[in-house]
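Note sheet for the following structure.
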2 protein chains.
Amino acid sequence: MKNTLFKLLVAVAVLASASCAKSAGDHPSLILTKSGVEQIRQQLGSVPLLDETVAATAALVDAEIALGIDTPVPVHFSGGYTHKRHKQNFLVAEKAGMLFQILGDEKYAQYVRDMLMQYEALYKTLPVHPQKRSYAPGKLFWQCLNDSNWLVYMSQAYDAIYDWLPANERELLENNLFRPFADYISVGNPQFYNRIHNHSTWGNAAVGMIGLVMNDKELIDRALYGLSDDGLAFGMKDDDGGLIKVEGQKAGFLANLEEPFSPSGYYTEGPYYQRYAMYPFLIFALAMHNAQPEMGVLEHSDGVLLKAIDALLNLSDADGDFFALNDAQKGMSYYTRELVSAVNISYHYGDRNPGLLSIAQQQGQVLLGDAGLTVAEDIAAGMAEPFTKRSVNLTDGANGDQGGVAVLRARGEALASVFKYTAQGLSHGHYDKLSFSLFEEGDEVLQDYGLVRFVNIEQKGGGNYLPENGSWAKQTIAHNTITQNQISHFGGDYATGSKHHSELHLYDASRADVQVVSAKESNAYPGTLLHRTQVMVAIETLEKPLLLDIFKITSEQQNQYDLPFYFNGQLLETNFAHQQPAQLEPLGDSHGYQHLYTEGEGAPAGDNIAITWLNEGKFYTLTAAAKAADELLFARIGANDPNFNLRRDAAFMQRRSNEQNTLFATVIEPHGNYSPVTEKSHNPRGRVSNVEVINDDENYTAVAFDIADSGQHLFILANQNTQLSDQHSLEIDGQIYQWQGGYFFDLR
Amino acid sequence: MKNTLFKLLVAVAVLASASCAKSAGDHPSLILTKSGVEQIRQQLGSVPLLDETVAATAALVDAEIALGIDTPVPVHFSGGYTHKRHKQNFLVAEKAGMLFQILGDEKYAQYVRDMLMQYEALYKTLPVHPQKRSYAPGKLFWQCLNDSNWLVYMSQAYDAIYDWLPANERELLENNLFRPFADYISVGNPQFYNRIHNHSTWGNAAVGMIGLVMNDKELIDRALYGLSDDGLAFGMKDDDGGLIKVEGQKAGFLANLEEPFSPSGYYTEGPYYQRYAMYPFLIFALAMHNAQPEMGVLEHSDGVLLKAIDALLNLSDADGDFFALNDAQKGMSYYTRELVSAVNISYHYGDRNPGLLSIAQQQGQVLLGDAGLTVAEDIAAGMAEPFTKRSVNLTDGANGDQGGVAVLRARGEALASVFKYTAQGLSHGHYDKLSFSLFEEGDEVLQDYGLVRFVNIEQKGGGNYLPENGSWAKQTIAHNTITQNQISHFGGDYATGSKHHSELHLYDASRADVQVVSAKESNAYPGTLLHRTQVMVAIETLEKPLLLDIFKITSEQQNQYDLPFYFNGQLLETNFAHQQPAQLEPLGDSHGYQHLYTEGEGAPAGDNIAITWLNEGKFYTLTAAAKAADELLFARIGANDPNFNLRRDAAFMQRRSNEQNTLFATVIEPHGNYSPVTEKSHNPRGRVSNVEVINDDENYTAVAFDIADSGQHLFILANQNTQLSDQHSLEIDGQIYQWQGGYFFDLR
């Protein structure tokens, strides 16, 4: 009787509450939905990965509840206590909200309410953050970016307890915390909010998420379409030198969805930032899908978000580590928490690729929502398969017409070459047109340096970008591509670089034994045409695939050309003499050269140069055609680096001076292995020799090389007419080679 | 009927064969025995690790049989084809013999016979090996050492098919191959055979093994006791500068068993060579045990062989990699094939430590014999447990009175310090008295460089020792210990170094929270007493254990003292200013200094210096008491190394000049961790500060340091009277500290 009365009272209270806030009773409605919660509750106890996720989440949140809530007055940079505490708070609050919905335990709702109330009390007192290093300082954090992270997560926490909260408490939070918070990061900071940039995506998503919870159409519109009048001047730059306002560019979430993603799903800043930017894209698109499916945000722009996940997953090595294109901290992989939602959503709303399930298994958790439930159920049903990657060619640019990135892969991921012929990549872009990096399974053989930043490590500049990121990592010489006259591409000028992109010449991965990508760059050095071609060869008689690399340069004047290879590992042997200078001095004084020491100098002993090195128990030999006047340099990173911000890594460099048109032809051959436990070396010597330029004119470039016991192999590239239907013919030493399509490859 | 007749004929033939060679019918009798074979045959199909071993062995041998036998005329060094082929031959022949016994398939016996016959034909034609770089060239290989390897294995192959071979074929093999072979490596090369050295152990075992198969008492005696008259002069040296003949020294297998092993089982050359030397010791001791148990060879010298296995396994990090004491190639671990027999024998004939079974599991194979059968059966019975290591103090020297090695371990292997106060270590010894290396789990934090050799990698000097092994790796400055006046210990003179050893002052690992080792060295620099003490502290309030390192120097004159720490990883921060020189120049011109570049120079900013670095996702802070005049150097290996034989690794060095008596007090504190996937840094800052020398006189050395939130901790070492029963008292700042035993440690 007492019980019945109580229930009645509660029902009346709920009705009363609903009447004064029209959307109460409809929550949760963002990532968790009412029907989703119902399904999850039914499946609890029968789907292992779901149970594990809930258990791990509860363990984390319970520990935080025991610790008590702390919302300190903001003081520190990233890496410092107040930064880390506020970050931990929003992560935990979102999880606590989920647990309240799934487990129904009110302690979680109370925890979220109490924390939000503390923030309400704190936020209204806060000035701008005391650390003033950002172009857009936040209030809780030193950047609006982190404030936006907070709101994206806190919106979900608020959504979870919305119906449970009394109306007056909701009013308090919305008036004193959420609306001012959303306004500060948007109208208060248009230079942050109204751009095409991952920062803005976070800002847009934050405003949109809280708008959805509060059912505030104005905020939702502000999220989707940006600020109509931001009062910003053209030409403003951010901390990284990125342009803030570009003429003719739209703003807001939908514009950010259209602009930085190409139609094939490549995100113009590269996979490291795509992984970071992906979360707000997906989480807000999913929230829009749940709350206002008729808007079609998840499917916007020909389903580019789902394509983007697929592209991102393919831009990784065999260990799942993302390739370091542009600014990128190495070691970030698709096992990061930030990709749990991406993988789950890709599976649930995409084509249910069973390879995604094996990634989800290794992630060890699922998104607590519809998508995560499907993933956990299908894993439990034994449907997971290994995630297999193929060669891909991804366009760059909103319309797919600004160059791209190709990854050639042979024999699974036995060899993978990442070939970059993109646009600049916004403010995180590097000046490395036609550069590449090479991987054997999960090991980087020829490296891209990555960024000079120790993310969230306070001792290194508060965890922010270090000066050497600009003076070294972004410079052309830090990459495996041509530097002309010791000057970076576009003179290292961001505005100039942002206007241009390379052009695809040929991509053909139709054969399993030979795959080709070729692209041209005509703007990096006005008056010079750079044309690079990579051929991955995986023929039967070869233990491992190899890479033929052809760099053709045509110029209006004589120049110096430097082609470095940043090889990881220890040098074993060269086929030419080289000397170590008595003292180590910087190789130059600007454009990154000031950070390289010359460790060795030599000259070719014949028509070919070759070096062999050992890395992670595997052997590699680089063999290249040489000219007598070539300088051969061994370099070491670390000059002008008094604070040891740079790794002391090695490079081998072929330098050709006073040449106008020239061709670099190189074979990189992985072979054999060595174990320090068995102390056995298997195939320590390469089988490739005699890399030879057979022909090079405006129509055809032909390079041959010998494989021991397997004959001479010939590759011919058509420098014009690369369509599959194009007919070609070339006479070499009296023999006529005829073929159809952009290239020829066969035994000679 | 036909069948019965055939069997009868075979039986008659066997009898006939037995009658003409008295020991026929008794084979196999070395590692496999007739009863052992019987047991193994019975267990086939029911013991997984046994079955796996037989299956893997058969797969390997069958592939070799399919390939056909090749016994090429010897041409190459290690790493080259003929070397690798002959090595593969003996490994495969031994396995084929085992398979013949276990599976009864005659194809294996025929394979061994055919190979031996080819060797018979080849060997009698062979001159000394054409590569003349060894002090004892072999015939099949460039060193008698490898020829001995061949005979140790081939003896087992021959033993397995002995009874199966007709007498005339045995005669042929013994007269033309085995006896001349055994003679060549013994009486033909006494400088190789008649020493106390791992080379000789192989030689002795080889001669003894074939002697046992042929039941030749003269050869067995030659193996056990050496050559009575070797005609060698005192003072001869081998390729590595090792003394060949030392006055008063015995030779032969038993002498080698007594001499290089200390009573606690430490092998004076260090674990890398012990692992290599172990196999012939054990295999011949086991053969003697099976063939002539009454000789007690396996139990010789108070069971030192079993103790040696235990010592060896304890001289490894958490991954099973051996500590790099003296010449040692890193990465060698107890999962090597060479330790299968050691682990199996240790288990079967020792105290049946279930931890050994987990190592055997990871080795993935067992010795095909009694010991291996026991191991495989007990693993199948689920008896395996993790192998746990403790702190150990191992004496050096045949009588245990020539110093030693201590390994302090805290919280399992969370922190392990390897402290070396041994004798010279024969020809593979380094000049690094009182040096140490530090490990956190499987990661080397402060490294011992190891050797300069790429074993079996032909491109690097044929896989042999490189010149930099002498000019760098053996020198004192290459180690984490004191170099005085830029001169190596004993002036780098082998003969002098071989006369001396350090002396233990104190070892006490009785407490879990504090463990101490302390030793003195008075001969490395005549007139100077080096006294180093290491204290491993694992108190409750500390996340991880830390190491307090105290280096006390007392000298008759003023000197320069260099104390380097070869830290692995990237420098994050220092608490003092330092500059990078405009050009990198060698730090000196001899004793290893010529191989170091000065990369940074600074001076203390106060009473303490501190550096923090990041390695393998973990943080480390080194904090040391400093004097105003100290020079602080950052160094990089690689100067005067034109062929890139050395790794470009880093060191931090505290240099104190113009001092007579002084004390270096340092705390190395591991803390926190960092993941590039979560990008979270946990505890990036250390908690130790104010390392302070409180007292230092001939009686007591006292060092204090602060641990944040945990107070000041005080360590006092008694420089005299370190017995457990000794009473001590010291007044510091008016407070009297009283204790019993060699040291005091507590909150101050």
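Got a sec? Which of A:Gln475, A:Gln484 is within 29 Å of A:Thr722 (Cβ to Cβ) and not hydroxyl-bearing (Ser, Thr, Tyr)? Just one listed residue meets the conditions, A:Gln484.
Restricting the first member to segment B:717-731 and to residues that are over 16 Å from B:Ile550 (Cα atoms) and of a type in the set (Asp, Glu), and the second to residues that are assigned to a loop (DSSP other than H, G, I, E, B) and open to solvent by less than 40 Å² (accessible area, probe 1.4 Å), the beta-carbon pairs closer than 7 Å and six or more apart or on different chains are B:Asp726/B:Gly741.
Residue pairs whose Cβ atoms lie under 6 Å apart, sitting 6 or more positions apart in sequence or on different chains, and linking a residue in segment B:638-651 that is at the interface with chain A (Cβ under 7 Å from one of its Cβ atoms) to a partner that is in a loop (DSSP other than H, G, I, E, B), are B:Pro642/A:Gln580; B:Arg648/A:Arg648; B:Arg648/B:Gly638. Whether a residue is more than 28 Å from A:Gln557 (Cβ to Cβ), acidic (Asp, Glu), more than 32 Å from the chain's Cα centre (by Cα) and within 12 Å of chain B (Cβ to nearest Cβ) was assessed, and A:Glu599 passes this test. Pairs linking a residue in segment B:493-507 that is of a type in the set (Phe, Trp, Tyr) to a residue that is in a loop (DSSP other than H, G, I, E, B) and open to solvent by less than 40 Å² (accessible area, probe 1.4 Å), with Cβ atoms under 6 Å and 6 or more positions apart or on different chains, are B:Tyr494/B:Gly241. Just give me the residues in segment A:449-502 being more than 27 Å from A:Gln660 (Cα to Cα), hydrophobic (A, V, I, L, M, F, W, C) and part of a loop (DSSP other than H, G, I, E, B), in sequence order. Of everything in segment A:449-502, those that are more than 27 Å from A:Gln660 (Cα to Cα), hydrophobic (A, V, I, L, M, F, W, C) and part of a loop (DSSP other than H, G, I, E, B) turn out to be A:Leu451, A:Val452, A:Phe454, A:Val455, A:Ile457, A:Leu466. Which residues, taken from segment A:454-480, are in contact with a strand residue (DSSP E or B) (Cβ under 6 Å, 6 or more places away or on another chain) and over 20 Å from B:Glu679 (Cα atoms)? If the condition is that a residue be in contact with a strand residue (DSSP E or B) (Cβ under 6 Å, 6 or more places away or on another chain) and over 20 Å from B:Glu679 (Cα atoms), then A:Thr476, A:Ile477, A:His479, A:Asn480 are the ones that fit.
Table: residues versus (1) free of Cβ contacts under 8 Å to residues at least 24 places away in the same chain; (2) over 26 Å from B:Leu173 (Cβ atoms); (3) of a type in the set (A, V, I, L, M, F, W, C).
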| position | (1), (2), (3) |
| --- | --- |
| B:Leu30 | no, no, yes |
| B:Glu38 | yes, yes, no |
| B:Leu50 | no, yes, yes |
| B:Ala56 | no, yes, yes |
| B:Ile65 | no, no, yes |
| B:Val73 | no, no, yes |
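Filtering segment B:9-29 for residues that are surrounded by 11 or more Cβ atoms within 10 Å (Cβ to Cβ), of a type outside the set (Gly, Ala, Ser) and at pLDDT 90 or above leaves a non-empty set. Within segment A:588-618, the residues that satisfy the criterion of being touching a residue at least 24 places away in the same chain (Cβ under 8 Å), in a loop (DSSP other than H, G, I, E, B) and open to solvent by 30 Å² or more (accessible area, probe 1.4 Å) are A:Ser590, A:His591, A:Ala603, A:Ala605, A:Gly606, A:Asp607, A:Glu616. Select from segment A:334-391 the residues that are within 14 Å of chain B (Cβ to nearest Cβ), under 30 Å from A:Pro545 (Cα atoms) and not polar (S, T, N, Q) and list them in ascending order. Residues satisfying the conditions are A:Tyr334, A:Tyr335, A:Ile359. Each residue in segment A:526-545 was checked for being assigned to a loop (DSSP other than H, G, I, E, B), under 20 Å from A:Ile716 (Cα atoms) and of a type outside the set (A, V, I, L, M), and 1 pass.
Pairs under 7 Å by beta carbon, first residue without any contact (Cβ under 8 Å) to a residue 60 or more places away in the chain in segment A:188-208, partner assigned to a helix (DSSP H, G or I) and open to solvent by 10 Å² or more (accessible area, probe 1.4 Å), six or more apart or different chains? Close Cβ pairs (under 7 Å, with a partner that is assigned to a helix (DSSP H, G or I) and open to solvent by 10 Å² or more (accessible area, probe 1.4 Å)) amount to A:Phe192/A:His199; A:Val207/A:Arg222.
Of all residues in segment B:543-585, those that are away from chain A (no Cβ under 14 Å), open to solvent by 10 Å² or more (accessible area, probe 1.4 Å) and within 24 Å of B:Gly606 (Cβ to Cβ) total 2. Could you tell me whether any residue of segment B:472-484 is touching a Lys or Arg at 6+ places or on another chain (Cβ under 9 Å) and surrounded by fewer than 22 Cβ atoms within 10 Å (Cβ to Cβ)? No, because not a single residue in segment B:472-484 is touching a Lys or Arg at 6+ places or on another chain (Cβ under 9 Å) and surrounded by fewer than 22 Cβ atoms within 10 Å (Cβ to Cβ).
Within segment B:586-601, does at least one residue satisfy the condition of being out of contact with any helix residue (DSSP H, G or I) (no Cβ under 9 Å at 6 or more places or on another chain) and among the hydroxyl-bearing types (Ser, Thr, Tyr)? Scanning segment B:586-601 turns up at least one residue that is out of contact with any helix residue (DSSP H, G or I) (no Cβ under 9 Å at 6 or more places or on another chain) and among the hydroxyl-bearing types (Ser, Thr, Tyr).
Residue check: is A:Tyr525 among the hydroxyl-bearing types (Ser, Thr, Tyr), more than 14 Å from chain B (Cβ to nearest Cβ) and open to solvent by 10 Å² or more (accessible area, probe 1.4 Å)? Against the criterion (among the hydroxyl-bearing types (Ser, Thr, Tyr), more than 14 Å from chain B (Cβ to nearest Cβ) and open to solvent by 10 Å² or more (accessible area, probe 1.4 Å)), A:Tyr525 qualifies. Filtering segment A:227-245 for residues that are over 25 Å from A:Ala324 (Cβ atoms) and either modelled with pLDDT of 90 or more or assigned to a helix (DSSP H, G or I) (or both) leaves a non-empty set.
On the stretch given as segment A:354-412, residues that are in a helix (DSSP H, G or I) and either closer than 22 Å to A:Gln274 by Cβ or without any contact (Cβ under 8 Å) to a residue 12 or more places away in the chain (or both) total 11.
This table checks each residue for (1) within 14 Å of chain A (Cβ to nearest Cβ); (2) touching a residue at least 60 places away in the same chain (Cβ under 8 Å); (3) open to solvent by 10 Å² or more (accessible area, probe 1.4 Å).
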| site | (1), (2), (3) |
| --- | --- |
| B:Val667 | no, yes, no |
| B:Pro670 | no, yes, no |
| B:His682 | yes, no, yes |
| B:Arg685 | yes, yes, yes |
| B:Ile694 | no, no, yes |
| B:Asp697 | no, no, yes |
| B:Ile707 | no, yes, no |
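Filtered by the rule that a residue be open to solvent by 10 Å² or more (accessible area, probe 1.4 Å), more than 29 Å from B:Asp221 (Cβ to Cβ) and away from chain A (no Cβ under 14 Å), segment B:302-324 gives B:Asp310, B:Ala318. The residues of segment B:528-542 that are closer than 28 Å to B:Asp401 by Cα and surrounded by fewer than 19 Cβ atoms within 10 Å (Cβ to Cβ) amount to a single one, B:Leu529. All of A:Glu258, A:Glu294, A:Glu299 fail the test of being in contact (Cβ under 8 Å) with a residue 12 or more places away in the chain and away from chain B (no Cβ under 14 Å), apart from A:Glu258. For segment B:64-90, residues that are within 14 Å of another protein chain (Cβ to nearest Cβ) and surrounded by fewer than 17 Cβ atoms within 10 Å (Cβ to Cβ) total 3. Name the single residue, out of those in segment A:620-637 being out of contact with any Phe, Trp or Tyr (no Cβ under 7 Å at 6 or more places or on another chain) and within 13 Å of chain B (Cβ to nearest Cβ), that is nearest to B:Ala635 (Cα to Cα). Here the answer is A:Ile637. Residues of segment A:443-458 that are within 14 Å of chain B (Cβ to nearest Cβ) and open to solvent by less than 20 Å² (accessible area, probe 1.4 Å): A:Tyr449, A:Gly450, A:Leu451, A:Val452, A:Val455, A:Ile457. Whether any residue in segment A:699-709 is part of a strand (DSSP E or B) and within 30 Å of A:Tyr593 (Cβ to Cβ) is what I want to check. Yes, segment A:699-709 contains a residue that is part of a strand (DSSP E or B) and within 30 Å of A:Tyr593 (Cβ to Cβ).
The values are calculated or read from the model by the stated rules, or taken from the named source; none is laboratory data. Everything numeric in this text was worked out from a predicted model, so none of it was measured. Note: ideal-geometry Cβ built from the backbone for every residue, glycine included; neighbour counts use all protein chains shown. Just so you know, the surface numbers come from the protein's heavy atoms only, side chains and all, with ligands and any DNA or RNA stripped out. Shrake-Rupley method; radii C 1.70, N 1.55, O 1.52, S 1.80 Å.
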